Each structure stands twice: as structure tokens, then as C-alpha cells.
Ligand code: FES
Ligand code: FES
């Protein structure tokens with residue numbers, strides 16, 4: 001919509017002028033710079049914060065609004081062009097205080113996970129439905145093509161839009177005791193659909209100061225500040241300039257306390273491109289307009305180490321002086337004589353594999369504000385780990401942990417990266433120093449440049465089998481580029497050797513994984529902690545090995561799958577809950593049918609070839625061989641209010657809903673009776689971090705225990721038996737003949753304000769690993785297997801994934817709709833890992849150059865939920881969060897080999913690499 005010669009939206013600070021537009025049905029007069037972004041004007045002038053901003057560059061579609069019934073990216077439209085236009089935002093969709101039909105369809109389908117893309121999706125769908133009230137699937141996909149979602153895999157969003165033309169679907173209601181297993185609407189869904197959910201950039205107090213960071217433009221550089229006082233004098237609006245010298249506590253943070261090594265502000269040397277060296281604080285307009293290029297800092301670029309080969313060269317400089325060889329840490333698991341077993345195998349395959357940095361690409365860049373409250377600091381920001389943030393921030397601020405309050409905002413996607421501190425120290429320090437609220441929103445490039453990534457991996461593995469197609473031994477060596485700072489590198493190094501065998505019996509096994517420093521952004525947690533990279537190597541080699549011993553590829557896996565009582569590679573065995581065999585069995589009919597269909601398709605000839613691939617996975621729920629407790633509190637107030645203090649951060653995966661379902665059935669009251677208190681370090685006990693597929697399993701088990709404990713207390717007071725039915729109505733609780741009027745017990749409340757309360761902790765039983773990695777690192781594993789059908793254009797090298805069938809043993813499906821959403825979303829990320837995603841520091845720092853799957857890239861996903869209950873999990877449930885991504889990439893890559901014979905071992909398998917391989921060129925050297 002930009003006219004020739006017209007400034008790009010948001011450019012400069014042109015003079016303001018008055019104009020009028022009709023916004024959500026009401027005429028609004030505005031004074032704004034004509035070049036101001038419409039998104040900025042809607043959010044900041046009109047308070048319509050349902051308009052989300054994910055990139056400010058037209059790439060993500062989060063800011064989609066309607067202008068005269070057409071969907072447009074509001075960040076790309078100059079506000080000055082809106083004179084006399086009708087502008088509609090998500091806030092206009094609800095009528096008379098009720099969500100509209102499209103929003104209800106989203107809620108019912110489970111189409112909103114984190115919810116940050118939801119307003120944009122809704123508006124794009126609304127534009128379509130006004131043109132075409134009964135669109136077909138292709139029309140819906142086309143209409144949504146410009147809006148990115150990183151959580152859902154799009155399937156439920158498309159289903160929701162299609163459902164609008166049909167009969168309205170009623171919400172599922174669950175009676176007391178029947179919440180577990182029910183497809184209940186997400187309890188926190190409505191605010192996401194109305195655009196009222198407050199994410200990190202929303203709901204800042206009036207007058208909040210803005211913080212911006214000064215960052216290194218070099219991967220590795222020495223630096224020195226010039227005359228900061230003079231620079232500040234030239235910018236009188238600036239309220240503070242912050243550097244390492246302003247940090248009251250320690251200038252260090254890290255998710256693993258004894259390895260904390262990342263400075264808030266670099267001192268003298270920057271170790272990765274984008275590392276902060278200073279921050280400026282001041283009024284929003286003034287700071288936003290600053291050109292930080294003229295900040296007084298001089299850089300002396302130094303040679304960077306950008307991959308593990310360079311970092312391990314004999315003459316490589318050390319990224320950290322105390323870490324020789326740039327080795328952060330390594331982990332190993334050994335059992336039996338792997339080399340001897342391979343010598344005795346009838347077939348051995350081996351291979352070298354590599355994967356690159358993968359960007360989390362959540363649609364919400366890091367954002368939040370902090371305020372000083374006396375001698376305490378409060379931080380309202382997006383995070384996956386409030387209590388970890390509190391403790392790390394307390395050390396930085398020189399405060400006691402109880403003097404730091406973390407109030408997580410809505411989290412617009414995390415996938416592991418929002419476990420680490422990002423902007424929290426900057427805003428806390430700014431608020432502390434100025435005494436005023438201070439906020440920060442990372443730009444998209446800033447987010448991509450500076451936050452953690454999936455570890456790039458270089459893997460070498462060998463695996464052998466006997467004549468009967470049974471695995472006899474495996475070796476695995478993985479080098480993981482952990483970037484400039486430790487972050488979750490130790491977790492990757494420890495978790496990978498445990499998992500690199502896959503969910504199979506391997507009597508002889510030797511696996512090692514090393515985390516190696518470079519001058520790259522810190523690599524941290526990303527859905528799987530290194531296991532997805534390991535699974536690519538292991539599952540691709542298994543396909544080759546199955547062929548070598550002439551066993552059907554699915555049968556090979558089923559034959560070697562772990563079962564009840566079988567020792568894992570760490571010597572652990574389970575008496576129940578080993579569902580991998582059932583996953584492979586569930587795929588069997590699909591495998592046979594889809595392979596026959598592919599063969600028939602290929603027999604017709606032509607440049608397109610179809611292939612079918614399969615891969616299995618396992619994933620330990622929770623921390624590896626470390627304590628991992630969660631605590632949940634539930635209380636009954638004297639007014640009859642039943643409150644669940646649920647501190648497990650819901651980043652879209654559904655813990656608010658699932659944990660409440662669990663507690664409701666354990667207690668025996670209907671889920672509608674619950675009021676939720678979400679994560680807040682002042683109000684909720686520590687439910688640990690949202691990572692490692694632990695919240696359903698660990699926090700859910702704590703919620704189950706808390707619910708049961710409260711039930712026992714109530715039944716005892718009511719003199720009722722264990723099977724009695726509890727009711728709660730108008731402040732009166734009953735069971736059997738017993739009756740308690742809570743309103744008469746107001747004088748008996750405890751320090752939390754409850755008449756009755758239970759607070760329970762669950763810490764999964766694990767044992768430390770010994771020097772050979774032997775022990776019981778997890779109380780439970782999740783199991784799964786994916787089957788992929790792809791079509792390859794052999795002339796272009798392009799791949800279309802046509803279908804995924806995903807079988808997962810979830811122990812107990814607490815909420816099948818949410819589980820399917822995890823599977824669909826996780827497998828979309830696995831597809832990206834296989835075929836398109838690679839973050840290149842300095843080159844792909846935006847969502848234009850870094851591609852993630854769009855609605856047009858994802859296939860139909862058929863989910864199969866298997867319920868092999870775990871003894872520890874709540875109602876038998878296991879985790880699912882990372883499990884869903886792990887088998888997708890190897891299944892797709894195995895399908896590529898099945899279709900064409902091409903083996904791509906350096907990811908992603910982009911069309912140029914596939915094309916080169918099809919022409920017989922080495923994919924490693926392909927252009
Ligand atoms: S914020 Fe406008 S397209 Fe991303
Ligand atoms: S629900 Fe779409 S980005 Fe999270």
C-alpha cells in the first residue's frame with residue numbers, strides 16, 4: 001500500500017498530523033506521524049494490544065487487521081494512509097461481551113496454543129469468511145498463508161475456520177471425576193481469542209521507560225567505551241546509561257548455577273554477535289528514535305571461532321580461559337563391548353551427520369517490564385522458568401531471592417529458549433536505577449541474534465546387527481556447538497548419550513557427546529535437548545541396517561524395540577509403561593497401505609516419486625538424573641472459592657488446563673469449580689521450569705497428590721468414606737451425610753487465607769549416573785513413532801510432505817485435543833528441521849531469510865494416542881512436549897531415501913542439496 005517515494009512505515013519521526021479512521025465501528029480522531037506504523041498507532045495510541053507485533057517487517061502476519069474488509073499487515077501500513085478507512089482488530093470480533101462464532105470455533109478446535117498468532121489468524125480468517133462464508137480447505141490455507149504459527153502446525157486452525165460453515169459445536173462439559181480424558185476447551189483460551197491476553201509487550205504501566213541495548217556487531221571483539229557522559233549530555237532525554245559497572249550483584253547468569261558464565265553486559269570482550277555491552281533508558285519516544293550507531297564504543301574485531309572444527313584446532317584461542325580445548329563438558333554412556341560387538345556383527349553401517357543452528361522462531365519476541373517496589377523488584381516478562389529467573393536475577397541485583405518477584409506474562413511461544421534470562425536483567429536494572437517502570441521489546445533481529453538456539457551437531461555413529469536382524473552394538477560420537485556460553489550445553493551433553501540408542505535393546509553401546517564453545521550465540525534448550533539431532537543419525541542408520549539384513553524397516557524396529565523388563569543402555573528397566581512396541585504395531589496397517597500406494601504411484605512413472613519413512617523415539621521426562629520437584633497448592637476459602645495455585649508456566653502447551661483436569665479428578669469436584677492462580681513467585685509454589693516434557697508428568701503428579709490430600713482432609717472432616725461424592729455449592733461442602741458451611745469457618749483460615757488447603761510436592765525418583773553413564777536417569781520415558789509420506793520432484797529437488805502418522809504412548813491422554821495439538825505443532829517443527837531451517841549467525845536474523853513452515857508446508861497429521869500407563873505419572877500420564885518433534889525429521893529423511901535412494905546427512909535437506917544428490921554430486925559440496 002506504500003506509495004512511491006513515501007517513507008517506509010515507522011521510518012523516522014516525521015511531523016504529526018490529524019486524521020480519522022473508523023476503528024471497530026467507532027470513528028476515532030488521531031494525531032500521529034503519517035509514516036507511523038498502523039500497528040504502532042493501534043497499540044500505543046488506541047490501546048488495541050490485540051494487534052500483535054512479531055517482526056515489524058511483513059513476515060509473520062501477527063499484526064493482521066482488516067482495512068475495509070481486506071486483511072493487511074498493520075506493521076507495513078503507514079497510519080497516514082488510513083484517513084477515512086474502516087479498520088478492524090481482534091477486539092472488534094466479540095459482540096455484546098461474547099466471543100463470536102469464529103472465535104468459538106477456534107476455542108473448540110484447540111486452534112490457539114500460545115495465542116500470539118491468534119489475533120492475526122482470526123482476522124485473516126474473518127476476511128476470508130466475509131468473502132466466502134463456506135470456503136474449502138484450499139481457500140482457507142491460501143487465506144492464512146501470510147500468518148505464521150510456530151505452535152499448532154496449523155491443522156486445528158484450518159479445521160476451526162472450516163467448522164464455521166457447519167453446525168456450531170458445543171463445548172464439552174465434564175462432571176466431577178470425569179475431567180481426565182475429556183476434550184475440554186483450554187481454560188485460558190478466551191483471552192487469547194479476544195486479544196486480551198497480556199503478553200510481554202502488553203499492559204505496561206503508563207509512562208514506562210524504554211530500554212534498548214547496545215550490542216556487538218562482531219562475533220568476537222575487544223571493545224572500549226568512549227565518553228559516555230558526553231554522549232548522554234547530548235541526549236538530555238536519556239535517563240540512564242547502564243554498563244557492567246552498574247550491576248549491584250554479580251555480572252553473571254546461567255541456567256545451571258555452578259556453570260553460570262554469561263555476563264549481563266560484556267566486559268572488554270564480546271564473545272558473540274549481538275552480545276550486549278550497554279543499555280540506554282529513557283522515555284519511549286526518545287529512546288525509540290535514538291540511533292545507537294553513535295553510542296561511544298570502539299570495536300577491535302578479533303578472529304571468531306564459528307564452528308567446532310575451528311574451536312578444536314590445536315591453535316584455537318580459548319573462548320573461556322578455564323575451559324581447555326574449548327570443551328565445556330562431555331557426557332558418556334557405556335555398556336558392554338561395543339567395538340567387539342560391531343566386529344562380530346553380520347552387518348555394520350556407519351555415517352557422519354551434521355545439523356545447523358535452529359532458531360525457535362516463536363512469534364513473540366522477548367518482552368516485558370519491571371518496576372521497583374520499595375526494596376523489591378518486580379519483573380513482568382515472558383518466561384518459561386519463573387523461579388529460576390528469580391534466583392538468577394537476585395544474584396545479579398544483589399538482592400535476596402524473596403525480594404525479587406517474577407510475574408510471568410503470557411508467553412507467545414518458548415520451546416526452550418525462554419528458559420534462559422534475556423531482557424530481564426536489563427529492565428530490572430533500569431527500573432532499579434531510575435525508580436520508574438522500565439520495559440523492553442526485542443526486535444525480531446535482536447531476538448534471533450541474541451537468544452539461544454538448537455545446538456548444531458556433528459555426529460559419527462556406527463551400528464551393527466546379527467543375521468536375525470537384531471541389534472548387537474552401536475557407537476556414537478557427537479560434538480555440539482554450544483556457542484559462547486554454557487546455557488543448557490551440559491544438559492545436551494548428558495542427555496544425548498542416554499538417548500542416542502533410540503528406544504531399542506542394545507546390548508553393547510558406547511556413546512559420547514561433547515559441548516564445545518565457539519563465538520556463536522549460546523545454544524541452549526530447544527524441544528529435545530540434542531535428542532532430535534541424535535535421532536536423525538540413529539534412525540537413518542537403522543534404515544540402512546534393516547536393508548542390509550533384509551528385514552522390513554518397520555519390522556526391524558519392532559523386533560528391536562525395548563519392552564517391559566528390558567534394560568536400557570543405562571541399565572534401567574521398567575515393570576510397566578513401555579509403549580514403543582505398541583506404537584510400531586499401531587503404525588503397521590498404515591505402513592503397509594501407504595507403502596503400497598507409494599509403489600503404485602511410482603510405477604506410473606514421471607518425475608515425481610513418493611516414499612514412506614518411519615522413525616521411533618523415546619524421551620526421558622524431566623531432568624536427567626537430577627532432583628526435579630514440583631509443588632502445587634490447592635485451597636478452599638471461607639467464601640467457598642476453590643483455588644489452584646498452578647505455577648507451571650503455560651507457554652501454549654496447555655498446563656493450565658491439564659493440571660487443573662488432574663487436580664479436579666483427584667479431588668472429586670468438577671473442573672468448573674476451580675479458580676486458577678497462575679505462575680507468580682509470590683503466589684505460587686515452585687512448579688519448576690516448563691521444559692523437558694515435565695509439567696504434565698511432574699507438576700501433574702504434584703497436582704494429583706494435592707487434590708487427593710485435600711479430598712482426604714475434607715472426607716475426614718465430613719466423616720465420609722473414601723468413595724463418597726463431594727459437592728461444593730454456595731460455600732457448603734458435602735459428602736455422604738456430612739456437611740460443612742465454609743462461611744462459618746472464616747476464623748479458621750491459614751496464612752494463605754484458606755480454611756482447608758493441601759500443598760504437595762512430587763520429585764520423580766531417579767538415581768545419579770555413574771562414570772559409565774549407568775543408572776536410572778528418568779522415572780519414565782515417553783515413547784513414539786512417526787511415519788512420513790513424501791513426494792519428491794526429482795527435477796527440482798523439492799519435497800512435499802503429504803502425510804504424517806504419529807503414534808505416541810502418552811500413558812494417559814488427559815486432554816486428547818491438547819495432545820493432538822502438541823503432536824501437530826511439534827511435527828511441523830520436525831519438518832522444518834528436516835527440510836528448511838538453518839540459522840546462520842549474521843545472515844538469517846529475520847523471518848524473511850529464516851524460513852519456518854507455513855500452512856502450505858505442513859501435511860495432514862494423523863495422531864494415534866496409546867495409553868500404556870506409567871506408575872508415577874498422574875493417572876498414568878507421561879510427558880509429550882519434546883517427544884512429538886523427535887521422530888519427524890528422520891522419518892522424512894528416510895522417506896526421501898525410500899523415494900529416491902538419496903541419503904542427505906547434512907541438514908536441512910534443501911532442494912539444492914537434494915537436487916545435487918540426485919545428480920550424483922556430493923550434497924556436502926553442493927552449491
Ligand atoms: S509484525 Fe507485521 S508482519 Fe510481523
Ligand atoms: S499459537 Fe500460533 S504461534 Fe503460538
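The values are calculated or read from the model by the stated rules, or taken from the named source; none is laboratory data. Given the structure is predicted, the values throughout are model-derived calculations rather than measurements. Every residue, glycine as well, gets a Cβ built from its backbone with ideal geometry; the counts of neighbours run over all protein chains shown.
Assorted remarks:
- In this entry, residue 625 passes the filter for residues that are closer than 23 Å to residue 764 by Cβ and under 32 Å from the mean Cα position of the chain (by Cα).
- Residue in the stretch 558-597 that is nearest to the chain's Cα centre (by Cα), counting only those that are closer than 21 Å to residue 496 by Cβ and part of a helix (DSSP H, G or I): 580
- Note on the stretch 561-594: among residues that are touching a helix residue (DSSP H, G or I) at 6+ places or on another chain (Cβ under 8 Å) and more than 22 Å from residue 769 (Cα to Cα), the one that is surrounded by the most Cβ atoms within 10 Å (Cβ to Cβ) is 584.
- For the stretch 93-124, a tally of residues being more than 16 Å from ligand 1 (Cβ to nearest atom), farther than 27 Å from residue 655 by Cβ and assigned to a helix (DSSP H, G or I) returns 1.
- Lone qualifier among 794, 817 - being within 16 Å of ligand 2 (Cβ to nearest atom), surrounded by fewer than 23 Cβ atoms within 10 Å (Cβ to Cβ) and touching a residue at least 24 places away in the same chain (Cβ under 8 Å): 817
- Segments classed as helices (runs of 4 or more DSSP H), wholly inside the stretch 258-375, with at least 2 members that are surrounded by fewer than 16 Cβ atoms within 10 Å (Cβ to Cβ) and more than 30 Å from the chain's Cα centre (by Cα): 284-289, 338-344
- The stretch 76-93: number of residues that are under 19 Å from residue 126 (Cα atoms) and either within 16 Å of ligand 2 (Cβ to nearest atom) or within 29 Å of the chain's Cα centre (by Cα) (or both): 4
- Residue under evaluation residue 413, criteria (1) within 16 Å of ligand 1 (Cβ to nearest atom); (2) at negative phi, criterion not met: (2)
- Within the stretch 101-114, the presence of at least one residue that is away from ligand 2 (no atom under 16 Å from the Cβ), surrounded by fewer than 24 Cβ atoms within 10 Å (Cβ to Cβ) and either more than 17 Å from residue 196 (Cβ to Cβ) or modelled with pLDDT under 95 (or both) is confirmed.
- For residue 27, the criteria (1) more than 16 Å from ligand 2 (Cβ to nearest atom); (2) buried (at least 17 other Cβ atoms within 10 Å of the Cβ); (3) modelled with pLDDT of 95 or more hold in every case but one, which is (2).
- Subset of the stretch 165-204 (residues that are touching a strand residue (DSSP E or B) at 6+ places or on another chain (Cβ under 7 Å) and under 30 Å from residue 278 (Cα atoms)): 198, 199, 200, 201, 204
- Inter-residue pairs, beta-carbon under 9 Å, first on the phi > 0 side of the Ramachandran plot and in the stretch 121-142, second more than 16 Å from ligand 1 (Cβ to nearest atom) and part of a helix (DSSP H, G or I), 6+ apart: none
- All positions within the stretch 197-234 that are part of a loop (DSSP other than H, G, I, E, B) and in contact with a helix residue (DSSP H, G or I) (Cβ under 6 Å, 6 or more places away or on another chain): 197
- As a summary of the residue check, residue 310 satisfies the conditions (1) touching a strand residue (DSSP E or B) at 6+ places or on another chain (Cβ under 9 Å); (2) modelled with pLDDT of 95 or more; (3) at negative phi except for the one numbered (1).
- Every test in (1) away from ligand 1 (no atom under 16 Å from the Cβ); (2) surrounded by 18 or more Cβ atoms within 10 Å (Cβ to Cβ); (3) more than 23 Å from the chain's Cα centre (by Cα) is passed by residue 143 save one, and that test is (1).
- Failed criterion for residue 693 (all others in (1) at pLDDT below 95; (2) closer than 22 Å to residue 190 by Cα; (3) surrounded by 24 or more Cβ atoms within 10 Å (Cβ to Cβ) hold): (2)
- Filter result for residue 837 (within 16 Å of ligand 2 (Cβ to nearest atom), under 17 Å from residue 912 (Cα atoms), within 19 Å of the chain's Cα centre (by Cα) and surrounded by 24 or more Cβ atoms within 10 Å (Cβ to Cβ)): yes
- Filtering the stretch 691-720 to residues that are out of contact with any helix residue (DSSP H, G or I) (no Cβ under 7 Å at 6 or more places or on another chain) and part of a loop (DSSP other than H, G, I, E, B) leaves 692, 693, 694, 718, 719, 720.
- Across the stretch 42-77, the qualifying residues are those that are away from ligand 1 (no atom under 13 Å from the Cβ) and either free of Cβ contacts under 8 Å to residues at least 40 places away in the same chain or outside any loop (DSSP other than H, G, I, E, B) (or both), and the one among them that is surrounded by the most Cβ atoms within 10 Å (Cβ to Cβ) is 66.
For every residue, the table says whether it meets (1) crowded, with 24+ Cβ neighbours inside 10 Å; (2) out of contact with any helix residue (DSSP H, G or I) (no Cβ under 7 Å at 6 or more places or on another chain); (3) at pLDDT 95 or above; (4) assigned to a loop (DSSP other than H, G, I, E, B).
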{"site": "152", "(1), (2), (3), (4)": "yes, no, yes, yes"}
{"site": "162", "(1), (2), (3), (4)": "no, no, yes, no"}
{"site": "166", "(1), (2), (3), (4)": "no, yes, no, yes"}
{"site": "175", "(1), (2), (3), (4)": "no, yes, no, yes"}
{"site": "179", "(1), (2), (3), (4)": "yes, no, yes, yes"}
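- Any hit, the stretch 255-268, residues being free of Cβ contacts under 8 Å to residues at least 12 places away in the same chain, farther than 19 Å from residue 224 by Cβ and touching a strand residue (DSSP E or B) at 6+ places or on another chain (Cβ under 9 Å): no
- Matching option when the condition is modelled with pLDDT under 95 and under 30 Å from residue 822 (Cβ atoms), among 416, 368: 416
- Filtering 895, 891, 869, 877 for residues that are surrounded by 24 or more Cβ atoms within 10 Å (Cβ to Cβ) and closer than 19 Å to residue 658 by Cβ leaves a single hit, 877.
Residue-wise test of (1) touching a residue at least 12 places away in the same chain (Cβ under 8 Å); (2) under 20 Å from residue 327 (Cα atoms).
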| site | (1), (2) |
| --- | --- |
| 483 | yes, yes |
| 502 | yes, no |
| 505 | yes, no |
| 514 | yes, yes |
| 538 | yes, no |
| 546 | yes, no |
| 552 | no, no |
| 573 | no, no |
